[in-house]
Amino acid sequence: MMTQSTGQLSRERLVQLPKTDLHVHLDGSLRASTLIELSREHGRPLPFDDEAELADFMCVTDARDLIDYLARFDTTLAVMQTAPAIERIAFELASDCAAENVRYVEVRFSPLLNTRGDLTMHGAIDAALAGLRRAEREHGIRSNLIICALRHMEAATSLELARVAVDYKDRGVVAFDLAGPERGYPPAVHRDAFRFAARANLAVTIHAGEAYGPESIREALHDCSARRIGHGTRLFEDPELLAYITDFRVPIEICLTSNVQTRVAPTFADHPLRRFHEAGAVTTLNTDNRLMSGTTVTDEYLRAHEHLGLGWAQLCDIAIQGFESAFLPWHEKRALVESIRREISTLESDNGD
C-alpha cells in the first residue's frame, strides 16, 4: 500500500480547488430524480421509484467486469430519446459540476444511441449543446462535447459518427472518441474513422487500457491518432509505453471509482494513479459516470488523497494538468491555465501552505 500523506485534506478544501472533468459520459451522469421524472413521462418503468433506492441501484457495485458495468446504460438511454430530455440532462450535469467548482468539462456521448425515435444524431448533439450553453450562461462553467464511436459496431458506423463530429468542429464538439467493450474490439478496426477525424484537425481521445492491456493503448496512439487516453489503467504493464506517453505528454484520463467497479483495479489503494504521476506522466482525475459510479469530481480527488496518499501539492498539480489537457485553442487554454495557477496560489496563501 502507498504511504499516506501527512495532514488530512477535507472535502471542503477540495471543493475550493478549481477542477476539470475531461472524461464524463452524458448517459451515465443523470440525476436519479431526473431519471424517475423522465421515466414517468416516457412510460418507462424503473426497478425503484424512490430516489435514494434508485441511485443505489444505478451505482454499479456488483459488476464482474466492464460489460456488467455498461449494462446499466440501457436504463438511462431509454429516457434519452428526445431533445428536451437530452438538453435537460446536459444542463443538469454541467450545473452539478459547477456546484463543486469544476470550471471546465468535456461531456461525451454517442448520438447514435439517441435515435431510437424521431431524433437524428444532429438533433441529439444540438440538444446537448443547448443544455451545456444554458449552464454556461447561468453558472459560468465552460464546456464542450466529445462524440463517441462504439467498438462493437461496424467500422462504417464509426466513420459516419466521425463525419457528424467533424460537422460540429468549432461549434462545440472538440474531439472524437471510441468507447464500449474493449476486449475483442481493437481500436485499429476503426482506424478509418479516426484518420478522417484527425485529418479534419479534430482531436482524438480513446478508451484504452481499461478492460484490455497495453496493446490497446498502442493501437489508440499509433493507429488511431489518440492525443489523450481514456483510463489507461493497465499502462504500467508496459514501462516502455509509459515512458513514451510521459515523454510525449499524452494525458491519461483517470477514473478511480469506475476502475475499481470494473475490477481493473482491485482497490483504490492498488490503482496506478500515483505511480503514473510520480513517473511524470500527465494525469487527470475524472468521474466517468456520476450516476453509475455514485461519484463527483471532488470524490475522486478525496479518494486519491485518502487511499493513495496524494497531498495538496500533488492534487493541485493534477488539477492544473486537467486544464492543460483540455481540448481548447492554445491561446484560450494558456490564459485559462494562468488564471487557475493564480487562483490556486491564492488558495495556498489563504490556507498557509
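Residue separation times 0.36 nm, minus the C-alpha to C-alpha distance between residue 351 and residue 263: what's the value?
Fully extending the segment from residue 351 to residue 263 adds 28.0 nm.
Where does each of 110, 349, 33 land when they are ranked from fewest to most other beta-carbon atoms within 10 angstrom?
Ascending Cβ contact count within 10 Å gives the list 349, 33, 110.
Extending each Cα 7 Å along its Cβ direction at residue 120 and residue 12, get the distance between those two points in nm, one decimal.
A separation of 5.2 nm, rounded to one decimal place.
Kirkwood Rh, the range 106-221, all Cα pairs: how many Å?
14.5 Å is the Kirkwood radius here.
What is the distance, in nm, between label points placed 7 Å from the Cα along the Cα-to-Cβ direction at residue 154 and at residue 183?
Here the modelled spin labels are 2.7 nm apart.
Place +1 on the Cβ of every Lys and Arg and -1 on the Cβ of every Asp and Glu in the chain, take the dipole about the Cα centre, and give the residue among 60, 115, 309 whose Cα lies farthest towards its positive end.
About the Cα centre, the residue reaching furthest to the positive side is 115.
Test of understanding: ordering 76, 233 by Cβ neighbours within 10 Å, fewest first, what list do you get?
76, 233
Taking +1 at the Cβ of each Lys and Arg and -1 at the Cβ of each Asp and Glu, which of 105, 259, 200 sits farthest along the dipole of the chain towards its positive end, judged by Cα position relative to the Cα centre?
Projecting each Cα onto the dipole axis, the largest value belongs to 200.
Rounding to the nearest 20 debye, state how big the charge dipole of the chain is about its Cα centre with +1 on each Lys and Arg Cβ and -1 on each Asp and Glu Cβ.
Charge dipole of the chain: 820 debye, to the nearest 20.
At q = 0.14, 0.17, 0.21 Å⁻¹, what is the log10 ratio I(q)/I(0) for the range 92-143, with the Debye formula run over Cα points and no solvent?
-0.38, -0.53, -0.72
So if I take the centroid of the Cα atoms in the range 23-92 and the same for the range 293-351, what is the distance between those two points in Å?
28
Please grab the % of Cα pairs in the range 11-350 that end up more than 25 Å from each other.
Everything past 25 Å amounts to 48 percent.
For the range 24-116, which chymotrypsin sites (Phe, Trp or Tyr not before Pro) pass both filters: DSSP loop (anything but H, G, I, E, B) and at most 15 other C-beta atoms within 10 Å?
48
How big is the dipole moment of the range 37-120 about its Cα centre under a simple scheme where the beta carbon of each Lys and Arg is +1, that of each Asp and Glu is -1, and everything else is neutral? Debye, nearest 20, please.
400
Could you sort 79-85, 317-323, 175-181 so that the peptide with the highest average Cβ count within 10 Å comes first and the rest follow in order?
Output ranking for 79-85, 317-323, 175-181: 175-181, 317-323, 79-85.
Here, each number is a calculation from the coordinates, and none is a lab measurement. Remember, it's a predicted structure, so these values are computed and weren't measured experimentally. For neighbour counting, all protein chains shown are included, and Cβ atoms are generated from backbone atoms with ideal geometry for every residue, glycine included.
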